[in-house]
Ligand code: SIN
């Protein structure tokens with residue numbers, strides 16, 4: 001009888017494991033808020049994490065944006081985060097929910113993901129806010145970035161919470177991100 005159940009559920013389980021991968025490097029690291037079948041630390045190549053994206057819908061408001069992370073092109077760079085595999089059956093719903101969540105300037109791009117717990121790279125997707133988007137703020141000193149973050153809050157809460165939660169989640173998976181940790185350190189001094 002259990003054998004029959006496995007045969008019956010088999011296609012469903014197998015299908016789930018074939019679903020798309022999403023790579024998260026910002027809030028998606030610590031707060032995915034969607035259903036997934038697998039989660040693992042992972043990295044993508046050629047990108048670096050920076051607090052260069054303005055947030056007017058989550059951690060700031062129009063006219064007084066907060067700062068959240070995006071990725072910048074970096075030859076030889078590696079960005080660590082979390083890769084999630086979504087069940088095929090959930091993928092449309094999850095992506096449409098994420099498209100709304102990331103609507104403040106991010107676009108969904110194809111990428112090669114290197115999940116720690118999988119022996120080979122997988123094809124996946126990542127939300128990146130490119131410099132052409134209207135909320136892009138770009139480079140600033142870590143002091144100025146931290147000062148702006150301390151002052152900012154939006155519908156999702158204080159901007160400092162985004163930094164603290166991201167830094168904590170990166171530490172938990174053993175990732176040292178100099179840019180994020182430097183901003184966290186300055187914020188802690190400013191408060
Ligand atoms: C991400 O987490 O991968 C995208 C940026 C964000 O939502 O903070």
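The values are calculated or read from the model by the stated rules, or taken from the named source; none is laboratory data. In this text, all values refer to a predicted model and were calculated from it rather than measured experimentally. Glycine also receives a Cβ, built like all others from the backbone with ideal geometry; neighbour counts cover every protein chain displayed.
Quick one: count up the residues across region 151-164 that are part of a helix (DSSP H, G or I) and surrounded by fewer than 17 Cβ atoms within 10 Å (Cβ to Cβ). Looking only at that region, the number is 3.
Which one of these is in a loop (DSSP other than H, G, I, E, B) and in contact with a helix residue (DSSP H, G or I) (Cβ under 9 Å, 6 or more places away or on another chain): 140, 146? Explain how you work it out, then say what you get.
Details: 146 fails: in a loop (DSSP other than H, G, I, E, B).
Being in a loop (DSSP other than H, G, I, E, B) and in contact with a helix residue (DSSP H, G or I) (Cβ under 9 Å, 6 or more places away or on another chain) holds for just one of 140, 146, which is 140.
Taking every residue in region 118-142 that is more than 30 Å from residue 63 (Cα to Cα) and modelled with pLDDT of 95 or more and pairing it with any residue that is part of a loop (DSSP other than H, G, I, E, B) and away from the ligand (no atom under 12 Å from the Cβ), at least 6 positions away or on another chain, the pairs with Cβ-Cβ distances below 9 Å are 123/20; 124/20; 125/20. Quick one: is residue 49 crowded, with 16+ Cβ neighbours inside 10 Å, under 24 Å from residue 187 (Cβ atoms), more than 14 Å from the chain's Cα centre (by Cα) and within 14 Å of the ligand (Cβ to nearest atom)? For residue 49, the condition - crowded, with 16+ Cβ neighbours inside 10 Å, under 24 Å from residue 187 (Cβ atoms), more than 14 Å from the chain's Cα centre (by Cα) and within 14 Å of the ligand (Cβ to nearest atom) - is not met.
Looking across region 54-68, the residues that are in contact (Cβ under 8 Å) with a residue 24 or more places away in the chain and surrounded by fewer than 24 Cβ atoms within 10 Å (Cβ to Cβ) come down to 56, 57, 58, 61, 64, 65. Filtered by the rule that a residue be surrounded by 15 or more Cβ atoms within 10 Å (Cβ to Cβ) and within 16 Å of the chain's Cα centre (by Cα), region 165-191 gives 165, 166, 167, 169, 170, 175, 177, 179, 180. Inspection of region 131-143 identifies no residue that is within 21 Å of residue 45 (Cα to Cα), surrounded by 17 or more Cβ atoms within 10 Å (Cβ to Cβ) and more than 13 Å from the ligand (Cβ to nearest atom).
Scanning region 105-125 for residues that are within 13 Å of the ligand (Cβ to nearest atom) and either in contact with a helix residue (DSSP H, G or I) (Cβ under 6 Å, 6 or more places away or on another chain) or in a strand (DSSP E or B) (or both) yields 106, 107, 108, 109, 111, 113, 124, 125.
A count restricted to region 83-104 and to residues that are surrounded by 23 or more Cβ atoms within 10 Å (Cβ to Cβ) and either within 12 Å of the ligand (Cβ to nearest atom) or modelled with pLDDT under 95 (or both) stands at 2.
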